[in-house]
Amino acid sequence: ERAVAANPSFAVTEQNAAAVSEICRRLDGIPLALELAAARVRSLSAEKIAERFADRFRLLSAGERTALPRQQTLRASIDWSFELLPEPERQLLRRLAVFAGGWTLETAEAVASGNGIEESSVLDLLSRLVEKSLVEREADGERYRLLESIREYALEKLTATGERSTVRARHLEFYLALAAKARPELAGAAQAAWLARLDLEGENLLAAQAWCDRAEDGAELGLRFVHAVKLYMVYRGLLALLHRAALDALVRP
């Protein structure tokens with residue numbers, strides 16, 4: 001409806017339906033973001049819009065000039081919300097961006113605390129971010145996640161502070177330890193429970209393994225990681241992914 005309002009000739013077709021769906025998914029259904037994306041159909045096809053999401057903040061900057069400044073671009077909208085946060089909440093939000101596919105309270109305490117954030121304060125800060133709709137709590141109540149646009153924005157902020165390498169290193173350390181702890185359990189009576197746990201953390205495991213490319217001692221850490229996740233990937237049939245991870249680890253200097 002919003003795309004048709006911007007360009008009356010627009011229609012969802014068999015050719016562009018997948019792109020339209022991808023746009024809505026990657027924008028997490030955020031109304032303002034969808035409005036800004038719809039405005040782009042004046043000059044771009046849905047397929048081209050979907051292709052350009054690598055730089056969503058530049059792409060989604062075509063709001064109505066009569067709107068409030070914070071409603072004219074996706075970045076301005078998130079900027080406005082971010083600037084309202086006290087510094088401890090901003091700091092935690094930046095650090096949470098290193099998680100891929102969600103996290104638990106325990107992982108947030110382990111990875112995002114330190115250097116200004118006490119581990120005991122993470123729960124309170126996280127709860128405030130949930131109340132302000134900057135962090136989402138998943139239906140089971142045990143895991144949290146960032147909307148994709150919020151995560152990309154927070155990663156930019158984390159990089160700007162110079163903390164990205166430190167927090168990513170803690171993320172890698174945590175998930176390497178988790179994978180190492182899981183390895184013997186996968187051959188025992190608790191196999192099903194540990195498989196389910198690692199399934200939930202699959203994206204985080206891949207993100208941690210990828211950071212070995214930049215981490216200090218990344219070659220050794222990468223080899224340890226491959227050894228730790230081997231049984232899990234074999235049981236889940238991820239042999240091509242395991243092979244790729246092993247090759248990546250072996251070529252690091």
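Taken together, the values in this text are just the output of simple stated rules run on the coordinates, not laboratory data. No experiment lies behind these values; they were computed from the predicted model shown. Glycine also receives a Cβ, built like all others from the backbone with ideal geometry; neighbour counts cover every protein chain displayed.
Some observations on this one:
- Cα-based reach from Lys181 at 22 Å (exclusive), listing lysines while leaving out same-chain residues under 8 positions away: Lys230
- Using alpha-carbon coordinates, inclination of helix 148-161 to the longest axis of the chain, degrees: 70
- Cut-off 19 Å (backbone N to label point 7 Å along Cα→Cβ of Arg224), residues of segment 140-167: 165-167
- The charge dipole of segment 127-171, taken about the Cα centre with unit charges on the Cβ atoms of Lys, Arg (+1) and Asp, Glu (-1), comes to about 220 debye, rounded to the nearest 20.
- Glu136-Arg183 pseudo-label distance in nm [points 7 Å out on the Cα-to-Cβ vector]: 3.5
- Kirkwood Rh in Å, taken over all unlike Cα pairs in segment 140-204: 13.9
- Structural descriptor for the chain: relative contact order 14 percent, calculated from alpha carbon pairs under 8 angstrom and at least 6 residues apart.
- Prolate/oblate/rounded call for segment 131-253, Cα gyration tensor, a/c under 1.5 rounded: oblate
- Acute angle (nearest 10 degrees) that the helix 191-200 long axis makes with the longest principal axis of the chain, alpha-carbon atoms: 30
- Cα-based reach from Lys48 at 17 Å (exclusive), listing lysines while leaving out same-chain residues under 8 positions away: none
- Estimated FRET transfer efficiency when R0 is 35 angstrom, pair Asp213-Arg2 (beta carbons, to 0.05): 0.30
- Where labels lie 7 Å past Cα in the beta-carbon direction, separation of Thr104 and Leu238 in nm: 1.8
- Using the Cβ-Cβ distance between Thr161 and Trp80 with R0 set to 30 Å, the FRET efficiency works out to roughly 0.95.
- With helices as the sole contributors, the chain gives -19000 deg cm²/dmol at 222 nm; each DSSP H run of n ≥ 4 counts as -39500 (n - 2.57), and the sum is divided by every residue.
- Alpha-carbon centroid distance for the pair segment 129-205 / segment 14-49, whole angstrom: 28
- Label-point gap, in nm, between Leu123 and Leu44 - each point 7 angstrom along Cα→Cβ: 4.4
- Sparse-neighbourhood loop sites, trypsin sites (Lys or Arg not before Pro) in segment 125-182 - DSSP loop, at most 16 other Cβ within 10 angstrom: Lys132
- The chain: equivalent-ellipsoid semi-axes (sqrt of 5 x gyration tensor eigenvalues, Cα, Å): 36, 23, 17
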